[in-house]
Amino acid sequence: MKLVHGHLPIDAPAGVQGWDIDPYSPEVQADPVPYYAQLRERGPFSYLTRYSMLACGRYDVVREVFSDHERFVSSRGVGVQDFALEEPWRPHSIILEVDPPYHNRTRRVLMRALSPKAVADLRAYFLDEARDLVSDLVAQGEFEAVEALAETYPTRVFPKAVGMKLSDRRKLVDHGSMVFNALGPDNAQRQTAMAMGPEIIPWVMEQCKRENLTDDGIGAAIYASADEELVSEAEAGMLVRSLLSAGIDTTVTGIGNAVWTLSQNPEQFAALRADPSLAMGAFDETMRLTSPVAAFCRTACVDTEVAGIKIAEGTKILCVLGAANLDSAKFEEAERFDIKRKTAGHLALGVGVHMCVGQNIARAEGQAILTAIAEQVGVIEPAGDAVWRPNNAMHALESLPVRFG
Ligand code: OVV
């Protein structure tokens with residue numbers, strides 16, 4: 001059996017046209033909105049000829065595939081590789097890359113460690129840190145917001161919340177880049193990220209150990225679940241690894257994208273300034289509009305049908321969350337940034353049993369930083385061109401020169 005890009009090649013299902021676009025190319029990733037629109041227009045599914053897999057971008061279709069864990073599993077990997085046929089690059093995640101019933105147990109442990117109550121205890125600290133950072137940036141005036149703000153803020157507050165005794169901004173950001181780029185084909189982005197492995201992986205695994213965590217953080221709460229025998233000690237370590245895999249690049253990207261959306265929409269920033277309690281709405285609207293996690297795959301584990309299209313067992317389906325979130329069938333004037341919009345139902349955090357388990361803490365970070373910006377910044381002006389960073393799963397900025405006036 002010959003694999004292509006780590007999965008079984010499939011033929012285009014009846015009624016599905018082939019498409020030779022490369023959604024993993026730097027060109028598409030730098031400017032994905034036209035690709036998102038074409039993907040929705042072409043039909044419920046497109047057959048990606050280069051990758052021998054399906055892609056979907058209409059809201060209803062993405063939602064159906066993403067939320068049906070019985071037909072479309074995560075245990076075979078949420079990237080192009082089929083873990084049933086090829087070894088993943090690292091021991092698989094025991095929360096992201098598993099299915100129920102096993103998933104229920106690990107999910108419960110992280111749900112508790114990241115509960116609204118656990119996050120409520122962090123809010124004052126998050127806001128203090130956000131205010132300090134933003135006041136430094138206001139004093140600076142002009143700065144590059146990816147490094148100085150988007151990377152700096154989560155890598156300051158999140159490791160502290162987890163209880164890491166040792167933190168390293170560069171290593172955490174590079175680790176996130178490995179995790180997300182690993183979901184794509186073996187292209188330049190993936191190879192560049194993977195080359196960092198020897199320096200990054202041992203360091204990350206070391207920081208996941210119980211002795212390298214304080215006894216009052218989210219990490220300790222996970223290990224406490226091992227004491228209660230909900231999971232083993234080894235599983236607790238793997239769940240801490242999941243925090244460090246999913247908890248950095250995502251919030252870095254969400255915050256960077258939020259500064260970008262606000263810098264591009266001065267009237268929306270004025271509305272946020274007038275009422276800083278809109279910070280949470282502005283962050284959610286940024287997630288909807290820019291979909292920091294742009295796409296994850298599922299794998300059909302049975303022969304099935306969606307939107308009248310027959311899908312064979314073993315088919316990889318690229319679920320393009322970024323396209324679904326801009327579907328005008330779901331969101332009116334979908335490409336408009338409107339911080340007062342009802343964003344409920346957006347798919348930037350997924351949907352179904354795997355929906356982002358860290359969303360409370362992610363939103364708390366976004367809300368804190370946007371609140372601090374609303375309180376202290378008069379105007380956000382672009383101070384150069386925003387540059388997007390190619391990544392096989394994220395829609396993230398490489399550089400964002402701005403001025404806080
Ligand atoms: C990329 C990603 C998202 C969510 C969870 C994980 C990774 C994990 O490693 O568990």
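The values are calculated or read from the model by the stated rules, or taken from the named source; none is laboratory data. None of these values were measured; they are calculated from a predicted model. All Cβ positions, glycine included, derive from the backbone under ideal geometry; neighbour counts span all protein chains shown. These area figures cover heavy atoms from the full protein model, side chains too; ligands, DNA and RNA do not enter into them. Shrake-Rupley method; radii C 1.70, N 1.55, O 1.52, S 1.80 Å.
Residues in the stretch 143-193 that are without any contact (Cβ under 8 Å) to a residue 40 or more places away in the chain, in contact with a Ser or Thr (Cβ under 6 Å, 6 or more places away or on another chain) and more than 15 Å from the ligand (Cβ to nearest atom): 2 in all. Evaluate the following for Gly176: is it over 20 Å from Ile94 (Cα atoms) and under 17 Å from the mean Cα position of the chain (by Cα)? No.
Counting only residues that are closer than 22 Å to Asp68 by Cβ and among the aliphatic types (A, V, I, L, M), which one in the stretch 347-392 is surrounded by the fewest Cβ atoms within 10 Å (Cβ to Cβ)? Result: Met355.
Per this entry, Thr304 is not counted among residues that are surrounded by 18 or more Cβ atoms within 10 Å (Cβ to Cβ), of a type in the set (S, T, N, Q) and touching a strand residue (DSSP E or B) at 6+ places or on another chain (Cβ under 6 Å). When every residue of the stretch 204-214 is checked against the conditions, none turns out to be within 16 Å of the ligand (Cβ to nearest atom), more than 30 Å from Asp385 (Cα to Cα) and free of Cβ contacts under 8 Å to residues at least 12 places away in the same chain.
Quick check on the stretch 269-287. Is at least one of its residues in contact (Cβ under 8 Å) with a residue 24 or more places away in the chain, of a type in the set (Gly, Ala, Ser) and under 30 Å from Gly18 (Cβ atoms)? Scanning the stretch 269-287, I find no residue that is in contact (Cβ under 8 Å) with a residue 24 or more places away in the chain, of a type in the set (Gly, Ala, Ser) and under 30 Å from Gly18 (Cβ atoms), so the answer is no.
Considering the conditions (1) under 25 Å from Ile222 (Cβ atoms); (2) open to solvent by 70 Å² or more (accessible area, probe 1.4 Å), Arg131 is excluded by exactly one of them, (1).
Which one is nearest to the ligand (Cβ to nearest atom), of the residues in the stretch 224-241 that are surrounded by fewer than 16 Cβ atoms within 10 Å (Cβ to Cβ) and aliphatic (A, V, I, L, M)?
That would be Ala234.
Taking into account only those residues within the stretch 161-199 that are charged (D, E, K, R) and farther than 22 Å from Val146 by Cβ, which is most open to solvent (accessible area, probe 1.4 Å)? Taking the candidates together, the pick is Lys165. If a residue has to be more than 13 Å from the ligand (Cβ to nearest atom), part of a loop (DSSP other than H, G, I, E, B) and not β-branched (Val, Ile, Thr) to count, how many in the stretch 60-82 make the cut? Residues in the stretch 60-82 being more than 13 Å from the ligand (Cβ to nearest atom), part of a loop (DSSP other than H, G, I, E, B) and not β-branched (Val, Ile, Thr): 7 in total. Within the stretch 89-120, being within 14 Å of the ligand (Cβ to nearest atom) and free of Cβ contacts under 8 Å to residues at least 24 places away in the same chain holds for His92, Glu97, Tyr102. Just to check your reading of the model, which residue among Ala279, Ala258, Ala294 is under 30 Å from Gly163 (Cα atoms) and in contact with a His (Cβ under 6 Å, 6 or more places away or on another chain)? Of Ala279, Ala258, Ala294, the one residue that is under 30 Å from Gly163 (Cα atoms) and in contact with a His (Cβ under 6 Å, 6 or more places away or on another chain) is Ala294. Can we say Gly366 is at pLDDT 95 or above, of a type in the set (Gly, Ala, Ser) and not in a helix (DSSP H, G or I)? Taking the combined requirement at face value, the residue does not satisfy it. Of the residues making up the stretch 242-279, just one is within 17 Å of Ile373 (Cβ to Cβ), within 16 Å of the ligand (Cβ to nearest atom) and not β-branched (Val, Ile, Thr), namely Gly254. Look through Lys316, Lys340 and report the one residue that is in contact with a helix residue (DSSP H, G or I) (Cβ under 9 Å, 6 or more places away or on another chain) and among the basic types (Lys, Arg). Step by step, each of Lys316, Lys340 is checked, and only Lys340 is in contact with a helix residue (DSSP H, G or I) (Cβ under 9 Å, 6 or more places away or on another chain) and among the basic types (Lys, Arg). For the stretch 25-69, the set of residues classified as in contact with a strand residue (DSSP E or B) (Cβ under 7 Å, 6 or more places away or on another chain) and free of Cβ contacts under 8 Å to residues at least 40 places away in the same chain consists of Arg42, Ser46, Tyr47, Thr49, listed by residue number.
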